[in-house]
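Structure, as structure tokens:
The values are calculated or read from the model by the stated rules, or taken from the named source; none is laboratory data. This one's a predicted model, so the numbers in the text were calculated from it and none came from an experiment. Counting neighbours? That spans all protein chains shown, and the Cβs are built from the backbone with ideal geometry, glycine included.
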Amino acid sequence: MPKLRSAFASIGDRVQARPVATLLIAGLLILVAIGGAAQITSVTGDDAFVGSNPTYEAFSDSFDHGNIAVLIRGDITEPSAIEAIDRYDRRMSQTQDVYAVRSPADQVRAAYGRIPDSKSKIESVIGSPDYTTIQIATDTDLTQQQQRPIYTEAVSTSDWARFPASVTATVTGDAAFSAQLSTVIQQSTQKLLGLAVGLMVIALFFLFRGVRLRLLPIVAVFVGVIYTFGAIGYGGIPNSTMTSAVFPILIGLGIDYSVQFHERYEEELETHPPREALPNALGGVGPPVLIAMLAAALGFGATWVSTSSPAIIWFAQTSILGVLLTYAAGILVLLAGLTIYIRRWGDDSPAAADGGDPEAAHAEVDEDSRIGLVGSTLGRTSRILASHPMTVLAIALVLSGVGFQVASSLGTLADTEEFIPQDLPAYVDLQQFRSQTGGGTSTSYDVLVTGTHLKHPETLRWMDGLNDVATQAPLVEGVDTPAGAVKQYNGGEIPRTTSGVERVLAQMPTEQRQRYYNDGRAHITVASPQDMTTGQVLSFLENSQESLDYSNPPPGVTAEVTGTSSIAVPSIIDQINSRNTTTGLGILFVFALLGLYYRDLVKAVAPLVPMVFVIGWQNIYMLALDIPVSPLGASLGAMTVGIGAEYTIIVMERYYEEKQHNGYGRLDAVEIAASRVGKAITVSGMTTVFGFSALILSPFPVLSSFGFLTVGVIFLTLIASLATLPPTLVVLDGLAERVAAFRAAD
């Protein structure tokens, strides 16, 4: 693509002409990005996996009150304890966006008009339990960010209420869990960034030798990460457990781009002055690295278009922005910074920059010394493999086939509570709350009832009979309906007329009435066992909806299971089950990109063949290490195609360069290509591995397992690029030559 190379050469010419101005622009963009980063919000838990859903949005508007629970343990029948509970209740009731507060103090005040000084009087109302709860319901349709000030107030009020020493108050519930998890996500993101940068410094120091300013790529990539933070802030993309995995990946990929720029610039400086070296370098390396970057972006894009899960979409969007911006930062920061250094302090010789002899750097050396032992070994190995192409490809294909067969045996990681650190204090508190109170929100699911005549006696009779129908299904333990509440206030009977139903509802406290009827909609709650597995949750949801349908609602009435839990789990499972679709889209997208760039079928297909092998091999790797398929892991096939295409493209381009420009045969071209670029892509792959490996140390199990997976897959990708691409090129190129000869004969 001469025009593309010319465009990049022109960019290089402008950067070398005004490097200081280029760095000033990069610095100004940092300031702009900081403004965007300040706008980043966090979304955690099931909410991160709930996409646009009209039923859920209607339910959220009418009935979805957030919940903060305060677990009170100790001798709560002491007057001083009930007085503290009362103080807590009254203060939180006055807090903005709090819908209602329920506590034992309500019952005691209702019985006596005040809090009595007698322990026996309190016991006569609430008994003598060793724990109780204060339930704080927030207004409907609040975001997690809007709920967090309420949680903060709940925590501070527990000190203000002055509970006696014999009583402990633990604030838990959804908002508490979300607030703490958001903090942990931010800390984890910072930790992973630090680990990735530290590992990359080590990798560059030992692997990227013989060049000046060898750590400058780290600076460029870090600037690119800052740009990414700013972009997601301005773009309204929230941070989540999944999104925090992006940044070590970006460091691994971004370093690769910057190293390619850096190495080619140094190579051009050996034979050209700086004024010519940069345009030549960027014109030569810019287009192929651009294609590699776009291939990675398209891999993430395949994940984006194949899922409806917001957390995975945010992950894909952040990744796409990240690879684009780290690529741009490599040009703006690395090349401009290197140009300034060379002009003011550098010597055109890399050896001199490292303290060596400048003349030695330009000394003539034989070919074997130049490529080194590693390069010559890779070259000879590739020639041997390419000499037996059908055998090598058959073995690779069989292993890949085995991998596809064992895919169904892999475990899954779909429970959002298993994604998080199991020792997170808020999670521990939530588990204790559930065990002591017999459940919590995790044991009930919601049903939204819409339509006409929701207060008609016939509709209530349908609701009344729903319990008998639903509880016959496995896992359904009970149903709480408006009919039960109406019967409770009407002597155990359903009124015969709609006006009679409305009179009964008018007798209920407003809070209780709005729990069942609000905004022209009705609400039913279905109870389930505690601690269900993912499979049981799916069965429960299916059984609940089937029971609703089988119960035969009156004409014009619709009942649907909804709520975050009922949407999040199926969404995650769908993402996992659609991983083959995601992978297929990734292959299709990258194939289209290569086809447009090369306009040659063989060159578009050859780089993808090793990636298809890797997609199968990775299942064997996962089975061997007992790595479950997570929502992130489900996107790895498409990522593998996008990321690995860089290695195969580099080897393929060198193969055709040696074959077409220098006149070598297929086997000779394979050997020379592997020997000259094999070491380079191995170093490039290792730097990527160092960046990805930071994920292994994440406190989040879902990210840690993804780290183990990505590190292994990058190794497999390197092996496939050097072991299966040469035989693939020999076979496909030979076939193309025979087709061309046949056409010429005609």
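Among the residues of segment 443-472, just one is buried (at least 17 other Cβ atoms within 10 Å of the Cβ), at pLDDT below 90 and out of contact with any strand residue (DSSP E or B) (no Cβ under 7 Å at 6 or more places or on another chain), namely VAL469. Candidates are the residues of segment 244-268 that are modelled with pLDDT of 85 or more and among the hydroxyl-bearing types (Ser, Thr, Tyr); the one that is farthest from ALA297 (Cα to Cα) is TYR265.
Does GLY685 satisfy the criteria of being under 24 Å from LEU593 (Cβ atoms) and out of contact with any Lys or Arg (no Cβ under 6 Å at 6 or more places or on another chain)? Walk me through it before giving the result.
Working: under 24 Å from LEU593 (Cβ atoms): yes; out of contact with any Lys or Arg (no Cβ under 6 Å at 6 or more places or on another chain): yes.
The answer is yes for GLY685.
From the list PHE59, PHE63, the one residue that fits, being surrounded by 15 or more Cβ atoms within 10 Å (Cβ to Cβ) and under 15 Å from GLU511 (Cβ atoms), is PHE63. Every listed requirement among (1) in contact with a Gly (Cβ under 6 Å, 6 or more places away or on another chain); (2) of a type in the set (Gly, Ala, Ser); (3) surrounded by fewer than 24 Cβ atoms within 10 Å (Cβ to Cβ) is met by ALA302 save one, (3). Screening segment 144-175 for residues that are under 26 Å from ALA81 (Cβ atoms) and under 27 Å from the mean Cα position of the chain (by Cα) and picking the one that is surrounded by the most Cβ atoms within 10 Å (Cβ to Cβ) gives THR172.
Residues that are under 15 Å from VAL651 (Cβ atoms) and among the hydroxyl-bearing types (Ser, Thr, Tyr) within segment 589-633 comprise just one, TYR598. In segment 670-691, the residues that are free of Cβ contacts under 8 Å to residues at least 60 places away in the same chain reach residues that are of a type outside the set (Asp, Glu) and surrounded by fewer than 20 Cβ atoms within 10 Å (Cβ to Cβ) with C-beta atoms within less than 8 angstrom, at least six apart or across chains, in these pairs: GLY685/PHE715. Checked against the criterion of being outside the structural domain of ALA17 (by TED's automatic domain parsing), among the polar types (S, T, N, Q), at pLDDT 50 or above and surrounded by fewer than 13 Cβ atoms within 10 Å (Cβ to Cβ), segment 372-389 contains not a single residue that satisfies it. Would you point out which residue out of PHE8, PHE59 is within 30 Å of VAL447 (Cβ to Cβ) and part of a helix (DSSP H, G or I)? Unique residue meeting the criteria: PHE59.
Output the residues belonging to segment 411-430 that are outside any loop (DSSP other than H, G, I, E, B), crowded, with 16+ Cβ neighbours inside 10 Å and either over 19 Å from the mean Cα position of the chain (by Cα) or free of Cβ contacts under 8 Å to residues at least 40 places away in the same chain (or both). ALA426, TYR427, ASP429, LEU430, listed by residue number. When each of LEU667, LEU703 is tested for being surrounded by fewer than 23 Cβ atoms within 10 Å (Cβ to Cβ) and either assigned by TED's automatic domain parsing to the domain that holds PHE300 or not polar (S, T, N, Q) (or both), the lone residue that passes is LEU667. Hey, can you tell me all the residues within segment 176-233 that are charged (D, E, K, R) and either buried (at least 23 other Cβ atoms within 10 Å of the Cβ) or outside any helix (DSSP H, G or I) (or both)? Answer for segment 176-233, where residues must be charged (D, E, K, R) and either buried (at least 23 other Cβ atoms within 10 Å of the Cβ) or outside any helix (DSSP H, G or I) (or both): ARG209, ARG212, ARG214.
Scanning segment 699-731 for residues that are in contact with a Ser or Thr (Cβ under 6 Å, 6 or more places away or on another chain) and without any contact (Cβ under 8 Å) to a residue 40 or more places away in the chain yields SER704, VAL711.
Contact map, segment 178-190: residues that are under 16 Å from ILE68 (Cβ atoms) paired with residues that are surrounded by 22 or more Cβ atoms within 10 Å (Cβ to Cβ) and modelled with pLDDT of 80 or more, Cβ distance under 6 Å, separation 6+ or inter-chain. Pairs shown: SER178/GLN144; ALA179/TYR151; SER182/SER42. Of the residues making up segment 523-536, not a single one is assigned to a helix (DSSP H, G or I), free of Cβ contacts under 8 Å to residues at least 12 places away in the same chain and either farther than 30 Å from ILE420 by Cα or assigned by TED's automatic domain parsing to the domain that holds THR140 (or both). Please verify whether segment 451-470 includes one or more residues that are part of a strand (DSSP E or B), in contact with a Ser or Thr (Cβ under 7 Å, 6 or more places away or on another chain), in contact (Cβ under 8 Å) with a residue 40 or more places away in the chain and not basic (Lys, Arg). Yes, that holds for at least one residue. Within segment 548-563, the set of residues being surrounded by fewer than 22 Cβ atoms within 10 Å (Cβ to Cβ), assigned to a helix (DSSP H, G or I) and in contact (Cβ under 8 Å) with a residue 12 or more places away in the chain comprises TYR550 only.
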